[in-house]
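Colleague: Take a look at this one; I'll ask things after.
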Amino acid sequence: MENINPAKEKIVKIINLINNAEYSKASYLSSQLLTKNKRSYILHNLQGIINLHMSKYDEAILSFLEAIKLNKNFFDPYNNLGQAYFKQGKLSLAVESYKNALIINKRSHISYTNLAKIYYLKKEFSNSFEYLNKSLAIEPGFIESLNLLREFLVLRLQFSQTNKNLYEPIIYLINKQQLVQPKYIAHSVANLLKKDNDLIELFDRSLKDNHGTQLIEDLSRLSNISLLNYFIRICTVPDIDIENYFKFMRYQILFYEFSEIEYLKVKPFIISLSIQCLLNEYIYEEDENEVDIINALEKKICENIDDEKYYIEIDVMKLSLYRRLEKYSWIDKILSRGINKEIENIIKEFFQEKELKNKIKSFGILNNKISELVKNQYEENPYPRWFKPTLLKKGVSINEFVKNLGLHISDNYEETDSPEILIAGCGTGQHAINTASRISNSKVTAFDLSYNSVSYGLRKSIEYKIDNVNFMQGDILDVKNINKEFDIIECVGVLHHMENPRDGLREITNVLKKNGLIKIGLYSSLARRNITKFRNQYLNCDDYVDIKTLKSLRRAIISSSDNYTKNFTKYLDFYSSSEIRDMLFNVQEHTFNIREIEELLDEMGLMFCGFTGFGNASDKSYGKFDKFNLINWDKVETENPDMFIGMYQLWCQKTKSF
């Protein structure tokens with residue numbers, strides 16, 4: 001039989017040159033070999049790949065077509081031809097090519113993903129998700145599929161049926177690749193879990209059986225739902241139905257007398273539920289019966305802590321569903337006896353934060369009444385609690401960062417190789433840690449009013465080996481005491497909680513370098529109209545809402561017949577004590593409109609560079625207008641009153657110094 005392809009080592013040499021991006025050398029060698037092996041479908045396909053990399057799309061297409069002509073059963077050129085057509089914007093031809101590839105290889109996750117991406121661009125989301133699902137069923141860890149899955153999940157998908165094929169990819173998306181913060185996909189995950197056949201049956205059973213007669217069987221089944229157990233250990237679940245079921249199961253667990261064998265069988269879900277209650281900061285209400293049992297448990301553990309025959313873990317885990325364990329004086333003895341590694345780690349993390357708090361430097365003394373109130377609020381409820389960051393494996397330059405965000409900055413900006421970045425009001429450090437990984441060679445300074453919040457962030461930076469963040473404690477009003485100027489400042493969700501936001505913005509603008517960039521996050525008066533209405537109706541200006549009142553008001557919201565009030569339950573912030581306090585019950589809050597922001601920026605010598613957080617300049621849904629002229633957004637927001645529902649997130653450049 002005629003050998004139409006060249007020797008294997010020559011093919012390998014071309015492939016190595018392509019992999020090393022030496023396309024000219026690869027093209028020369030391929031062309032030389034084609035003079036002798038004109039009917040080599042492998043060479044024609046490789047030549048097409050080379051032309052594809054060199055953006056010679058017409059030539060690439062001819063090479064792929066020739067390879068197909070020579071061997072109609074050769075998979076590679078069909079798939080590669082689809083990529084060439086895609087590059088030219090010929091989507092219909094690309095679809096046809098990918099489908100032809102799948103005729104040859106029905107298990108090509110790459111071709112399924114390529115089809116999914118095209119249908120996504122064409123806004124044919126049903127077709128896109130169908131092909132994506134097929135790809136993930138074959139290869140759950142394919143990075144391009146996971147990226148597209150992330151885009152779908154952030155859209156708050158409503159699933160029509162169970163789809164367990166997505167469980168492993170979602171876990172992989174968060175845990176292995178760290179491609180998304182869990183909170184951004186929490187609504188979609190909750191909706192997916194509610195279609196799980198086991199959960200549907202268990203939910204129905206809880207409505208009919210108030211005595212927990214099948215508790216062990218139910219807990220065992222819950223322990224085997226992988227996505228449920230993984231997700232509720234890293235993120236609060238924004239769904240009232242799931243919350244009510246968790247409250248029901250917590251109650252049943254508290255009152256059930258487990259044997260050691262029974263407990264070991266259901267232990268995984270009890271641990272998961274314990275961590276979920278910790279994450280939501282024990283937002284679930286308790287009745288008098290529960291409080292009585294909790295008090296009895298506290299006494300029992302304290303009195304029997306030294307009894308080696310006492311199987312203490314069951315009672316400790318019951319208590320952990322309602323209370324933070326580290327507050328008890330006997331917790332050191334629990335650690336020495338051992339319970340389970342998950343809860344032990346959480347307790348150890350608390351003590352680590354306590355130790356780290358002593359190492360955090362402060363740059364000022366609070367002398368502002370509102371700052372003191374806000375500080376106390378966040379000392380009680382460090383905000384937000386989080387488990388997983390979104391880290392980039394390789395950071396980008398500031399120019400690339402600005403380009404990726406679609407911002408418009410002046411030509412006077414001079415990029416630095418080692419930018420100084422300030423995160424003003426860093427909370428528990430997630431923002432600072434993510435920024436530190438995003439911008440290459442950056443030096444990040446991050447501060448907050450709350451020692452507890454900052455120590456949480458410092459612990460997380462150690463956990464994820466982020467060594468370019470310096471955490472500090474202090475007030476924005478004293479930021480000049482850091483004695484440093486910054487290339488970039490980010491201050492999101494902070495200024496509107498100050499007594500005078502103007503004073504705060506002025507202080508951080510003063511430490512921003514000339515032509516430096518600043519990101520500001522401010523509440524929108526229009527988007528928060530219903531929250532303002534609620535606050536005016538239920539809160540007095542000087543009221544501090546204690547946890548008991550908070551839970552009572554939250555229950556009133558859940559039970560409310562007012563649509564504007566009921567709508568609060570759709571927010572992720574509604575599902576933890578610190579976040580609902582920040583959303584609805586903050587001790588201080590200001591809101592703004594576009595015209596007020598324009599005046600504020602002008603006063604501070606800042607030029608508007610663009611909004612982020614919902615699509616910015618690339619977003620076509622709001623029509624054609626100059627997106628870098630801030631006042632143009634006033635009309636757009638009026639027509640779309642919920643578009644800044646989180647807050648305005650705007651980037652600016654310092655063009656004047658005062």
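Colleague: Dividing the convex hull volume of the Cα atoms of the stretch 422-471 by its residue count, what figure in Å³ per residue is obtained? Please report the intermediate quantities before stating the final value.
Modeller: On the way: hull volume 2.7 nm³, N = 50.
Residue-normalised Cα hull volume stands at 54 Å³.
Colleague: Between the DSSP loop rule and a limit of at most 16 other Cβ atoms within 10 Å, which GluC sites (Glu not before Pro) in the stretch 17-92 are left? Could you put the intermediate results ahead of the total?
Modeller: Working: sites: Glu22, Glu59, Glu66; in loops: Glu22.
Filter output for the stretch 17-92: Glu22.
Colleague: Quote to one decimal, in nm, the extra length available between Gln214 and Asp503 on full extension: 0.36 nm per residue of separation minus the C-alpha distance between them. Display every interim value, and only then the final one.
Modeller: Values: separation 289, 0.36 × 289 = 104.04 nm, distance 6.00 nm.
Full-extension gain reported as 98.0 nm.
Colleague: For the stretch 1-78, what number of Lys pairs, 8 or more residues apart or on separate chains, have alpha-carbon atoms under 20 Å from each other?
Modeller: 15
Colleague: Same structure again: Can you give me the relative contact order of the stretch 481-550 as a percent, contacts being Cα pairs under 8 Å and 6 or more apart? If you can, show how the numbers build up before the last one.
Modeller: On the way: 48 pairs, mean separation 25.0, N = 70.
Rounded, it is 36 percent for the stretch 481-550.
Colleague: Given the chain, what percent of its DSSP beta bridges are antiparallel, to the nearest 5? Walk me through the intermediate numbers first.
Modeller: Numbers: 11 of 34 bridges.
Given both bridge residues lie in the chain, the antiparallel proportion sits at roughly 30 percent.
Colleague: Under a 1.4 angstrom probe, counting protein chains only, how are Phe611, Phe625 ranked by accessible area, largest first? Working shown, then result.
Modeller: Details: Phe611 0, Phe625 50 Å².
Sorted descending by solvent-accessible area, the residues read Phe625, Phe611.
Colleague: OK, next. Would you kindly state how much longer the chain becomes between Lys359 and Val396 on full extension, computed as 0.36 nm times their sequence separation minus their alpha carbon distance, in nm to one decimal?
Modeller: So the extension gain works out to 10.3 nm.
Colleague: While we're looking at this one, here's another question. For the stretch 519-658, what Kirkwood radius comes out of the mean inverse Cα-Cα distance, in Å? Please list the in-between numbers first.
Modeller: Working: mean 1/r = 0.0598 Å⁻¹.
So the Kirkwood estimate lands at 16.7 Å.
Colleague: Continuing with the same structure: For every other residue with a beta carbon closer than 11 angstrom to the beta carbon of Ile138, add +1 if it is Lys or Arg and -1 if Asp or Glu, then tell me the sum.
Modeller: +2
Colleague: Which percent of the Cα-Cα distances in the stretch 478-588 go past 17 Å? Could the numbers behind the result be given before it?
Modeller: Values: 3759 of 6105 pairs.
Summing the P(r) tail past 17 Å for the stretch 478-588 gives 62 percent.
Colleague: Take the Cα atoms of the stretch 359-506, find their three principal axes, and give me the spread along each one in whole Å, biggest first.
Modeller: 41, 35, 25
Colleague: Which value at 222 nm does the chain reach when only helices count, each DSSP H run of 4 or more adding -39,500 (n - 2.57), with the total divided by all residues and rounded to the nearest 500 deg cm²/dmol? Walk me through the numbers on the way to the answer.
Modeller: Working: 31 runs with 354 residues, N = 658.
Helix-only estimate at 222 nm: -16500 deg cm²/dmol.
Colleague: Continuing with the same structure: Using alpha carbons only, how many angstrom separate the centre of the stretch 75-144 from the centre of the stretch 277-318?
Modeller: 53 Å
Colleague: On to the next question. List every residue whose amide H lies under 5 Å from the amide H of Ala446, counting only residues 5 or more places away in sequence or on a different chain, with H placed 1.01 Å from N in the peptide plane.
Modeller: Correct list: Ile423, Asn470, Phe471, Met472.
Colleague: Need the C-alpha centroid separation for the stretch 162-205 versus the stretch 1-62, integer Å.
Modeller: 44 Å
Colleague: Here is the link list: Lys300/Lys327; Lys90/Lys403; Lys247/Lys318; Lys309/Lys341. Which ones come out longer than 22 Å on Cα distance? Don't jump to the answer; show the numbers that get you there.
Modeller: Numbers: Lys300/Lys327 16 Å; Lys90/Lys403 26 Å; Lys247/Lys318 13 Å; Lys309/Lys341 20 Å.
Going by Cα-Cα distance, Lys90/Lys403 fall outside the 22 Å limit.
Colleague: Using only the alpha-carbon atoms, how far is helix 197-208 inclined from the longest principal axis of the chain? Give it as 0 to 90 degrees, nearest 10.
Modeller: 20 degrees
Colleague: Restricting things to alpha carbons, find the Rg to Rh ratio for the stretch 321-419 using the Kirkwood radius for Rh.
Modeller: Values: Rg = 21.3 Å, Rh = 18.8 Å.
Computed over Cα atoms, the ratio is 1.13.
Colleague: Within the accessible area of the chain, what % is carbon and sulfur when the probe is 1.4 Å and the other protein chains stay in place? Don't skip to the end; give the middle numbers.
Modeller: Working: 14680 of 30690 Å².
Carbon and sulfur atoms account for 48 percent of the accessible area of the chain.
Colleague: Normalised by the number of residues in the stretch 288-353, what is the relative contact order in percent for Cα pairs under 8 Å and 6+ residues apart?
Modeller: Values: 24 pairs, mean separation 18.8, N = 66.
Worked out over the stretch 288-353, it gives 28 percent.
Colleague: Filter the trypsin sites (Lys or Arg not before Pro) in the stretch 108-180 to those in DSSP coil with at most 11 other Cβ atoms within 10 Å of their Cβ, and list the result. Mind dumping the intermediate values first?
Modeller: Details: sites: Lys117, Lys122, Lys123, Lys134, Arg150, Arg156, Lys164, Lys176; in loops: Lys122, Lys123, Arg156.
Answer in residue order: Lys123.
Colleague: Sticking with this one: How large is the direction-averaged shadow of the alpha-carbon convex hull of the stretch 6-135, in nm²?
Modeller: On the way: hull surface 30.7 nm².
Mean orientational projected area (the stretch 6-135, Cα hull): 7.7 nm².
Colleague: Moving on. Of all the C-alpha pairs in the chain, what % are more than 31 Å from each other?
Modeller: Numbers: 133160 of 216153 pairs.
That fraction is 62 percent.
Colleague: Another question about this same structure. Considering the convex hull of the alpha carbon atoms of the stretch 115-248, report its projected area averaged over all viewing directions, in nm², one decimal.
Modeller: Working: hull surface 32.3 nm².
Averaged projected hull area, Cα only: 8.1 nm².
Colleague: Right, next: Given labels modelled 7 Å from the Cα in the Cβ direction, how far is it in nm from Asn481 to Asn147?
Modeller: 4.6 nm
Colleague: Now for a different question. With every protein chain kept in place and ligands, DNA and RNA left out, what is the accessible area per residue of the chain? Probe 1.4 Å, answer in Å².
Modeller: Working: 30690 Å² over 658 residues.
With all protein chains present, the chain gives 47 Å² per residue.
Colleague: Still on this structure: Calculate the FRET efficiency for Asp602 and Glu414 from the Cβ-Cβ distance with a Förster distance of 30 Å, rounded to the nearest 0.05.
Modeller: Values: r = 24 Å, r/R0 = 0.79.
It comes to 0.80.
Colleague: Let me ask you something else. What distance in nm separates the two pseudo spin-label positions at Ser552 and Asp332, each 7 Å out from Cα along the beta-carbon direction?
Modeller: So the label points at Ser552 and Asp332 sit 3.9 nm apart.
Colleague: Pairwise over distinct Cα atoms, reciprocal of the mean inverse distance: report the Kirkwood radius of the stretch 51-105 in Å, one decimal place.
Modeller: Values: mean 1/r = 0.0928 Å⁻¹.
Computed over Cα pairs of the stretch 51-105, the Kirkwood hydrodynamic radius comes out at 10.8 Å.
Colleague: Distance in nm between label sites at Tyr544 and Glu124, each 7 Å beyond Cα in the beta-carbon direction?
Modeller: It is 6.0 nm.
Colleague: Using every pair of alpha-carbon atoms in the stretch 240-342, split the distances into 10 Å bins beginning at 0 and state the percent of pairs per bin, rounded to integers.
Modeller: Per 10 Å bin, starting at zero, the Cα-Cα P(r) for the stretch 240-342 comes out as 13, 51, 32, 4, 0 percent.
Colleague: Please give the length that would be gained between Phe351 and Arg107 if that part of the chain were fully extended, namely 0.36 nm times their separation in residues minus their C-alpha to C-alpha distance (nm, one decimal).
Modeller: Numbers: separation 244, 0.36 × 244 = 87.84 nm, distance 5.01 nm.
So the extension gain works out to 82.8 nm.
Colleague: Just to confirm the number: angle between the C-alpha axis of helix 547-559 and the first principal axis of the chain, 0 to 90 degrees, nearest 10?
Modeller: That helix lies at roughly 60 degrees to the long axis.
Colleague: Report, in degrees rounded to the nearest 10, the 0 to 90 angle that the Cα long axis of helix 594-604 makes with the longest principal axis of the chain.
Modeller: That helix lies at roughly 90 degrees to the long axis.
Colleague: Under 8 Å for C-alpha pairs, at least 6 residues apart: give me the relative contact order for the chain, rounded to a whole percent. Let's see the in-between values first.
Modeller: Values: 945 pairs, mean separation 62.0, N = 658.
This gives 9 percent for the chain.
Colleague: In the stretch 349-447, which GluC sites (Glu not before Pro) are in a loop and have at most 12 other Cβ atoms within 10 Å, using DSSP for the loop call? Write down the numbers at each step before the final one.
Modeller: On the way: sites: Glu349, Glu353, Glu355, Glu372, Glu379, Glu380, Glu400, Glu414, Glu415, Glu420; in loops: Glu414, Glu415.
The qualifying sites are Glu414, Glu415.
Colleague: Here is a further query. May I ask you to evaluate 6.51 cos²θ - 1.76 cosθ + 1.60, the Karplus curve with θ = phi - 60°, for each residue of the stretch 481-493 and list the ³J(HN,Hα) values in order in whole Hz, giving x for glycine and proline?
Modeller: Values per residue, Gly and Pro as x: 5, 5, 6, 8, 9, 10, 7, 9, 10, 10, 9, 10, x Hz.
Colleague: Tell me the Rg and the Dmax, in Å, that the Cα atoms of the stretch 173-285 produce.
Modeller: For the stretch 173-285, the Cα radius of gyration and maximum Cα-Cα distance read 13.9, 42 Å.
Colleague: Using a Förster distance of 51 Å, how high is the FRET efficiency between Lys299 and Ser92, based on the Cβ-Cβ distance and rounded to 0.05?
Modeller: Numbers: r = 73 Å, r/R0 = 1.43.
Efficiency computed from Cβ-Cβ geometry: 0.10.
Colleague: Across the Cα atoms of the stretch 8-78, what radius of gyration and what greatest pairwise Cα-Cα distance (Dmax) are found, in Å?
Modeller: 11.0, 29
The values are calculated or read from the model by the stated rules, or taken from the named source; none is laboratory data. None of these values were measured; they are calculated from a predicted model. Note: ideal-geometry Cβ built from the backbone for every residue, glycine included; neighbour counts use all protein chains shown. Surface areas here come from the heavy atoms of the whole protein model, side chains and all, with no ligands, DNA or RNA. Shrake-Rupley method; radii C 1.70, N 1.55, O 1.52, S 1.80 Å.
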